[in-house]
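Remarks on the structure that follows.
The values are calculated or read from the model by the stated rules, or taken from the named source; none is laboratory data. No experiment lies behind these values; they were computed from the predicted model shown. For neighbour counting, all protein chains shown are included, and Cβ atoms are generated from backbone atoms with ideal geometry for every residue, glycine included. To get the accessible areas, we keep the full protein, side chains included, count just its heavy atoms, and leave off ligands, DNA and RNA. Shrake-Rupley method; radii C 1.70, N 1.55, O 1.52, S 1.80 Å.
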Amino acid sequence: LDDTLRRWITVQRDAVRAADPNHLITVAYSNIVLAKMSANRLLDFQAPHRFVGTGLANLQRTIQVLANLRATFAGQAFMLEEFGYSNEEGLQPGAAPVDQLVTADLETALWLYTYSQGYAGAGKWMLNNFPQGYDPAQNTFGMFDNSGQPKITAQSLGQLSPLFAGGLTTDM
């Protein structure tokens, strides 16, 4: 599998490099087995995706996965390309949605973790809820709710943005 992936990346990389020798190249994986393959050393940076259920145990597993992948590809730039938590995760008929405070806490924890560890960034999936979609869990990953109003996670990111831009210090 690693050799197949190596050949596939090489073909893609060579085609991109022929058109633009300075273009950064990565492959975004939701599959951690593929993300860990040594063929990924051919990439300019690593960019896994993580979509897991809410809860501290899943947050801890995400951090463990990120740390493991980053150690595997030491010396390469690394970002959490896509992540998020659904406000309708596993929703059963008659059950209440996942509280916005819960998803905001988890997303804020990942933004702060990646920032504190020197990652190149962490990209939230997705900007807006998509209420007309077919899957309630997939439809509610947004930073803005079904009516376009900011969720708590959007407000949290707004407060963190100056830190990420270098405008805040942690000195007390």
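Results, tabulated for the structure shown:
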| read-out | value |
| --- | --- |
| Residue within segment 4-16 that is in a strand (DSSP E or B), touching a residue at least 24 places away in the same chain (Cβ under 8 Å) and either open to solvent by 40 Å² or more (accessible area, probe 1.4 Å) or not aliphatic (A, V, I, L, M) (or both) present | no |
| Residue in segment 40-47 that is open to solvent by less than 50 Å² (accessible area, probe 1.4 Å), assigned to a strand (DSSP E or B) and within 16 Å of T114 (Cα to Cα) present | yes |
| Residue within segment 21-34 that is more than 29 Å from D145 (Cα to Cα), crowded, with 17+ Cβ neighbours inside 10 Å and out of contact with any Asp or Glu (no Cβ under 9 Å at 6 or more places or on another chain) present | yes |
| A104 being within 23 Å of L66 (Cα to Cα), modelled with pLDDT of 95 or more and within 15 Å of the chain's Cα centre (by Cα) | yes |
| Unique match (being surrounded by fewer than 17 Cβ atoms within 10 Å (Cβ to Cβ) and either among the charged types (D, E, K, R) or within 18 Å of F141 (Cβ to Cβ) (or both)) among G53, G75 | G53 |
| Residue tally, condition assigned to a loop (DSSP other than H, G, I, E, B) and in contact with a helix residue (DSSP H, G or I) (Cβ under 9 Å, 6 or more places away or on another chain), over segment 146-163 | 2 |
| Verdict on R61 being under 30 Å from S86 (Cα atoms) and open to solvent by less than 50 Å² (accessible area, probe 1.4 Å) | no |
| Answer residue from segment 111-136, given it is in a loop (DSSP other than H, G, I, E, B) and over 17 Å from the mean Cα position of the chain (by Cα) and is surrounded by the most Cβ atoms within 10 Å (Cβ to Cβ) among those | F130 |
| Residues satisfying the stated conditions in segment 137-163, i.e. in contact (Cβ under 8 Å) with a residue 24 or more places away in the chain and open to solvent by 50 Å² or more (accessible area, probe 1.4 Å) | Q138, I152, Q155 |
